[in-house]
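Notes follow the structure.
The values are calculated or read from the model by the stated rules, or taken from the named source; none is laboratory data. Just so it is clear, the model here is predicted, and its values are computed rather than measured. As a convention, Cβ positions derive from the backbone with ideal geometry for all residues, glycine included, and neighbour counts pool all protein chains shown. Just so you know, the surface numbers come from the protein's heavy atoms only, side chains and all, with ligands and any DNA or RNA stripped out. Shrake-Rupley method; radii C 1.70, N 1.55, O 1.52, S 1.80 Å.
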Amino acid sequence: MDIALLLLGLACMVIGVLGSFLPVLPGPPISWVGLLLLTLTSAVPDNWWFLGITAVVALLITALDYWIPALGTRKFGGSRAGMIGTTVGLIIAIVFPVLGVAGIIIWPFVGAVVGELLNKSDHKKAMKAAVGSFIGFLTGTFLKFVVCMVYLGLFVMDAWAYREGLFPFLYSG
């Protein structure tokens, strides 16, 4: 059972890291579930303070991910159309990976520009607003990615520290 929990937890970690880029997956909460699954194994001791603090961080980052792009958009005079355009651009980058990894950066910006141009007639204001929307998107994505990578690091460190209990068949002699 411990190996199943470990593998499910590792899968949550990988999905969480992917979720830091994909708008449909809440990356940090999924990564946190991976930490929870690891703690539920019989080999890893319960640490409810650790789980509580990491849960609060995951929920806070998830909430900030909605607030930061809106703040960036408003700060640069953007609109909801720019934020929607950024999300549509990211979806295009994922579904049609024409530009490879660079598309994850290029398409959201293009989407923000198109969204703002559809909303405003002035190209200069639309570009400024698109930059704000894009900076907000990048900031939120970066924060989610950092949290998910830290959680992955914590997962690997705990799994390594308790490897003898997780894999007793390897260490029985």
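Computed values, structure above
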{"read-out": "Förster radius 45 Å - calculated FRET efficiency between residue 67 and residue 164 (Cβ-Cβ, nearest 0.05)", "value": "0.55"}
{"read-out": "Shape call, the stretch 1-119: gyration tensor on alpha carbons, a/c limit 1.5", "value": "oblate"}
{"read-out": "Burial ranking of peptide ranges 146-155, 47-56, 88-97 (average Cβ count within 10 Å, highest at the top)", "value": "146-155, 88-97, 47-56"}
{"read-out": "Loop-resident sites, the stretch 84-173, for trypsin sites (Lys or Arg not before Pro), counting at most 16 other Cβ within 10 Å (DSSP)", "value": "none"}
{"read-out": "With every protein chain in place, the chain: carbon and sulfur % of accessible area (1.4 Å)", "value": "77"}
{"read-out": "Average accessible area per residue (Å²) across the chain - probe 1.4 Å, nucleic acids and ligands excluded", "value": "56"}
{"read-out": "Projected label distance in nm at residue 74 and residue 171, using a 7 Å step from Cα toward the beta-carbon", "value": "5.2"}
{"read-out": "Global form of the stretch 26-75, assessed from the alpha-carbon gyration tensor, a/c cut-off 1.5", "value": "prolate"}
{"read-out": "Lys/Arg +1, Asp/Glu -1 at C-beta; the chain dipole; positive extreme among 1, 64, 168", "value": "64"}
{"read-out": "Cα gyration tensor category, rounded, prolate or oblate, for the stretch 85-173 with a/c compared to 1.5", "value": "prolate"}
{"read-out": "Inter-label distance, nm, simple model (7 Å from Cα along the C-beta direction), residue 94/residue 21", "value": "1.1"}
{"read-out": "Kyte-Doolittle at least -1.0, axis length at least 30 Å by Cα - qualifying DSSP helices, the chain", "value": "48-75, 123-161"}
{"read-out": "Cβ charges +1 (Lys, Arg) and -1 (Asp, Glu), total dipole of the chain, debye", "value": "920"}
